[in-house]
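Reviewing the structure listed below.
None of the figures in this text is laboratory data; all of them are computed from the coordinates on show. Note that the structure is a prediction, hence the values are computed from the model and not measured. Note: ideal-geometry Cβ built from the backbone for every residue, glycine included; neighbour counts use all protein chains shown.
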Amino acid sequence: MSLTIDSISKRFSEVQALDDVSLEMSPGEVFGLLGANGAGKTTAMRIVLDILRPDSGTIAWNGKLNTDVPRDTWGYLPEERGLYAKMKVLDQLVFFAKLHGVKPKAAERETRDWLERFRIPEYADRRAEQLSKGNQQKIQFIAAILHDPDVLLMDEPFTGLDPVNAALLKEAFLELRDRGKTLVFSTHQMETVEELCQSIAILDRGRVVVGGAVRDVRRSTGRQVVRLSVDGDPEIAWLASLDGVRVTRRGQDYTEAVVSQGYDPEAVLRAALARNCRLIHFEITDPSLEEIFIEHVGQIDTTERTLAPKAVRA
Amino acid sequence: MNGWRTLFPNAWYVTVREFRSRATSRSFVVGTVLLAAIAFAAAQLPVLIDFAQGTSETRVEVFVRASGLPSDALTVVGHVLNGAPAPDSNAHKAYALSWLADGDLASAQSALEQGKFDALLIIDRDASSRDLLFTLRTDMPSDGRQAQTIASATQMLAIEDGLVRAGTSTASVLAPSSFTVLPVSPSGTAAVNSVSQEISSSLLSTGLIVLIFMAIITYGTWVAMSVAEEKSSRVMELMLNATTPLQMLAGKVIGNGAAGLTQYGIILAAVIGGLIAQGPIHQAVLGGSSSGVAFGGLNAPVLGAFAVLFVLGFLLYSLLYAALGSLVSRQEDVQSATSPLMMLIMLGYFMSIFGLQAINDTWVRIVSFVPFFSPYLMLARVSVGRVEIWEFALAVVFLLVSIGIALVVTARIYSAGVLLYGQRVGLRQILTAARVSR
């Protein structure tokens with residue numbers, strides 16, 4: 001019972017979009033696909049959905065090749081959002097559900113349920129073009145899940161949502177996860193990944209650079225991170241002078257430092273106490289995903305390498 | 001392959017959606033109403049022409065001073081001026097004659113001067129030769145059509161008068177001569193088409209060809225537009241997960257095609273309604289019935305052939321329109337992307353218009369089997385009535401086969417094209433994409 005991506009490669013003329021990518025996702029798991037723009041996330045999703053064909057490698061769901069799996073196994077929220085602009089919300093959701101084999105009556109009931117849950121029941125009879133971007137995004141999410149798919153693939157589902165709507169969406173994620181669905185999503189928001197995902201993979205230029213359970217990934221560096229804040233001393237200047245300690249963040253709320261492998265993070269605590277500092281906050285933790293991401297991928301690549309469709313200005 | 005899984009019910013859902021969204025769009029409703037109104041009005045054109053002509057009647061007053069005119073002199077002159085009497089005596093006449101056998105010339109002259117008449121024809125008889133003498137007083141040009149026509153009428157009257165004086169029966173001038181037309185081959189049947197039949201069947205073919213031509217161009221573009229719209233609004237990716245390209249393709253072609261045919265049907269109904277209403281309208285406006293429109297040559301076989309060729313031709317071209325529509329990212333680019341197809345359609349159209357003049361030529365016969373042109377040229381041949389059943393059947397089979405091929409090719413181009421965004425798509429890219437995609 002799992003979604004297995006087995007060494008897939010895909011080349012678009014001069015760009016190697018995916019290079020021998022292997023991943024495994026389990027039911028009841030939320031999986032995060034991380035990577036800079038153009039890392040191959042969208043291509044990977046399209047290949048899983050059999051919208052694109054890989055040059056080599058296979059995808060299997062519960063041991064069956066993705067080309068033989070019924071289409072309603074998959075739910076897909078594309079990165080480029082699109083709805084039929086002139087069509088009423090209810091009509092198009094029912095339309096999409098029917099295409100996946102849901103009976104019209106059930107489709108309408110489910111649609112109204114979800115609109116209610118996303119606090120937009122009054123939009124059922126509006127045309128899609130009359131909705132705000134965030135609300136359209138919620139409609140698209142509903143379109144992806146109305147047929148109750150086993151696997152849900154979402155490309156940047158949180159982009160452009162305000163905190164309230166993001167929370168609604170996260171709630172829906174967790175509920176689907178608890179119902180045994182497999183959720184895969186790509187994002188740039190590391191905090192969301194840490195909050196929701198059991199497992200992740202970081203893609204860079206078509207390769208998996210890090211993958212596995214989030215806890216293991218964060219521990220894999222062997223380094224630890226200390227966060228501390230001291231009453232009356234937001235700078236904590238002495239911290240940088242300690243051996244094996246590198247300050248990575250100086251914030252108003254707390255200061256963060258990485259402790260190199262072989263050094264004891266508790267030495268920072270002892271140093272603070274020795275200086276008679278009034279500690280408000282002290283925490284020893286693993287490096288954040290953001291740090292690991294930057295370590296592996298480098299600075300976010302600003303050159304445009306994306307193969308996913310760009311929005312076209314009309 | 002996934003692309004070839006069962007078409008239904010998804011193709012049907014897409015068809016219904018396409019039809020609804022097209023048929024409820026403002027442009028469709030406004031366009032249909034407007035075109036139907038124009039079509040209805042155009043059907044009233046003959047009434048308008050009659051109405052315009054009704055006021056341009058030439059009024060001629062005939063003043064007879066000559067004695068012993070033939071008894072049917074008025075009939076003879078009227079016959080030449082207005083043609084053989086129509087069965088319907090109310091029909092419009094170009095000349096109004098008023099015959100003054102006695103009375104005085106002065107009052108006739110003053111009526112002319114007051115503008116009550118356009119011309120005054122005075123008939124005298126030469127005292128010595130006893131021949132008739134005609135004088136026409138008018139401000140119309142002496143070499144104009146009216147003066148010339150009146151001159152021919154007087155000539156006819158003079159001949160008749162001469163015949164009467166020579167003692168021959170007066171009936172012979174107007175009596176038709178015995179004149180029989182037979183086909184070239186002595187054994188041939190006598191069913192020779194009349195000129196009006198020839199003209200009306202050629203008009204009919206042209207009309208039917210124009211109907212197919214317009215439908216393919218207008219509604220084929222709708223298909224391409226609707227594909228491009230889906231691509232530019234990015235619904236395509238949602239659709240790609242929910243359906244197969246083949247299901248989408250079938251739904252788009254049939255849904256838009258059905259919407260197009262609905263509009264077409266409404267417009268044709270307006271034309272037919274207009275033609276039917278033409279009689280009563282003519283009666284009401286002008287008093288008297290119109291010359292009417294004859295549907296010469298329109299019979300069940302021609303209509304059946306038209307329906308078959310219309311649907312098959314539309315399907316073939318719509319598939320290609322869908323393929324081309326899938327290659328552009330924006331609706332604005334549809335026109336330029338589909339222009340090669342437009343050329344092909346125009347080529348077929350012009351060939352059929354020229355072909356109508358040379359319907360028995362070998363090249364017309366050959367081209368009438370070629371799938372892209374057979375909807376026009378086979379139709380032309382059918383409507384002129386010179387096609388064997390097997391020839392028609394063969395053209396239909398060729399069309400069906402090419403639709404099948406177009407479906408396979410288009411589905412591949414389509415499934416590749418719908419994911420190509422923002423790039424200018426060349427033939428090589430299409431082929432590469434079609435090969436690697438599902």
Check: So how much slack lies between A:Thr58 and A:Asp20, counting 0.36 nm per residue of separation and subtracting their Cα-Cα distance, in nm?
Finding: 12.6 nm
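Which entries in A:Lys88/A:Lys138; A:Lys181/B:Lys252; A:Lys10/B:Lys252 show an alpha-carbon gap greater than 22 Å?
Working: A:Lys88/A:Lys138 14 Å; A:Lys181/B:Lys252 33 Å; A:Lys10/B:Lys252 30 Å.
Violating the 22 Å limit, Cα to Cα: A:Lys181/B:Lys252; A:Lys10/B:Lys252.
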Next item on the list: With a/c under 1.5 counting as rounded, go ahead and sort the protein assembly as shown into rounded, prolate or oblate using the C-alpha gyration tensor (a ≥ b ≥ c being the square roots of the eigenvalues; past the cut-off, prolate if a/b is larger than b/c, else oblate).
Entry: prolate
Next item on the list: With θ set to phi - 60°, apply the Karplus curve 6.51 cos²θ - 1.76 cosθ + 1.60 along segment B:317-327 and write out the HN-Hα couplings as whole Hz, x wherever there is a Gly or Pro.
Entry: 5, 5, 4, 5, 4, 5, 4, 5, x, 6, 8
Note to self: Quick check: residue separation of B:Ile49 and B:Ala269 times 0.36 nm, minus the Cα distance between them. What number comes out in nm?
What the structure shows: 76.9 nm
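So if R0 is 56 Å, what FRET efficiency would B:Met343 and A:Asp113 give, r being the distance between their Cβ atoms, rounded to the nearest 0.05? Could the numbers behind the result be given before it?
Values: r = 53 Å, r/R0 = 0.94.
The value I calculate is 0.60.
Okay, helix-only estimate at 222 nm for the protein assembly as shown: each DSSP H run of n ≥ 4 adds -39500 (n - 2.57), divide by all residues, round to 500 deg cm²/dmol; what do you get?
Working: 25 runs with 368 residues, N = 752.
Calculated at 222 nm, the ellipticity per residue is -16000 deg cm²/dmol.
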Next item on the list: Using a 10 angstrom cutoff on alpha carbons, build the Gaussian network for chain A and name the most mobile of A:Leu161, A:Leu99, A:Leu273.
Entry: A:Leu273
Checklist line | For A:Leu239, net neighbour charge (Lys/Arg +1, Asp/Glu -1) across residues whose Cβ lies under 12 Å away | finding: +1
Check: For the protein assembly as shown, with only Lys/Arg (+1) and Asp/Glu (-1) charged at the beta-carbon, what is the dipole magnitude about the Cα centre, in debye rounded to 20?
Finding: 920 debye
Checklist line | For A:Thr248, distant residues with modelled amide H under 5 Å away | finding: A:Glu256, A:Ala257, A:Val258
Next item on the list: Tell me the label-point distance for the pair A:Ala106, A:Thr67, using the 7 Å Cα-to-Cβ offset, in nm and rounded to one decimal.
Entry: 3.0 nm
Next item on the list: Note down the nm distance, to one decimal, between modelled labels 7 Å out along Cα→Cβ at A:Asp162 and at B:Phe350.
Entry: 6.1 nm
Notebook entry, point to check: Points 7 angstrom from Cα along the Cβ direction at B:Val311 and A:Thr248: gap in nanometres?
Noted result: 6.9 nm
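Could you tell me the relative contact order of chain A? Use alpha-carbon pairs under 8 Å, at least six residues apart, and round to a whole percent.
Values: 558 pairs, mean separation 68.8, N = 314.
22 percent.
Looking only at other chains, what is the average number of their beta-carbon atoms within 10 angstrom of each beta-carbon in B:20-33?
Values: counts 3, 6, 0, 0, 2, 1, 1, 0, 0, 0, 0, 0, 0, 0.
That average works out to 1.
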Margin query: Students often forget the sequence filter, so: which lysines lie under 21 Å Cα-Cα from B:Lys93 once same-chain residues fewer than 8 apart are removed?
Written below: B:Lys116
Next item on the list: Please build a GNM for chain A, connecting alpha carbons under 10 Å apart, and tell me which residue among A:Asn135, A:Asn276, A:Asn62 fluctuates the most.
Entry: A:Asn276
Next item on the list: For B:Leu163 and B:Leu34, calculate 0.36 nm times their separation in residues minus their Cα-Cα distance, and state this gained length in nm to one decimal.
Entry: 40.3 nm
Notebook entry, point to check: Once the other residues with Cβ under 15 Å from the Cβ of B:Leu163 are scored (Lys, Arg +1; Asp, Glu -1), what is the net sum?
Noted result: -2
Margin query: Counting other C-beta atoms within 10 Å, and keeping those with at most 13, which DSSP coil trypsin sites (Lys or Arg not before Pro) do you find in segment A:156-195?
Written below: A:Arg179
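Starting from the Kirkwood Rh over alpha-carbon pairs, what translational D in µm² s⁻¹ does segment A:128-226 have by Stokes-Einstein at 10 °C and 1.306 mPa s? All intermediate terms of the calculation are to be shown ahead of the outcome.
Details: Rh = 15.2 Å.
For the chosen part, D equals 105 µm²/s.
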